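The values are calculated or read from the model by the stated rules, or taken from the named source; none is laboratory data. Since the model is a prediction, treat every value here as computed from it, not as a measurement. We place every Cβ from the backbone using ideal geometry, glycine too, and count neighbours over all the protein chains shown.
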Amino acid sequence: MFRRPPKHKENPRFISRISHGRVLDDLDIAPGKLASYKLRTELHAKIIKVASQYSQAELQDVLNESQPRVSDFVRGKITKLSLETLVEYAERLDMRPQIKTEAPRKPREMHA
């Protein structure tokens, strides 16, 4: 019996990559932008947990935003939200957002 190869191998636009299990790290994003995206993603997830107690109409009042903007926020369209906007949303929901930094690791010494 003859088997055809999977269609994705025939498609020249298909890119095959090995994932390391960390979706954000696997994306082809510049390191500086990746850090910002990770911060926004983590903050958004925490805000959504609190915001889930409200209807979208209630969120419009609490966040002082339009219905389409609240819809984007609830649906996770993070690219439409700045870090500053997410911090403001957290404050309006009586959260206390913080950015935590760590000192850089010392470079490893090479032993000959």
Residue in the range 22-38 that is at pLDDT 95 or above, in a helix (DSSP H, G or I), touching a Leu at 6+ places or on another chain (Cβ under 6 Å) and surrounded by 12 or more Cβ atoms within 10 Å (Cβ to Cβ) present: no
Selected residue (criterion: surrounded by the fewest Cβ atoms within 10 Å (Cβ to Cβ)) from residues of the range 80-112 that are closer than 13 Å to L43 by Cα and of a type in the set (V, I, T): I99
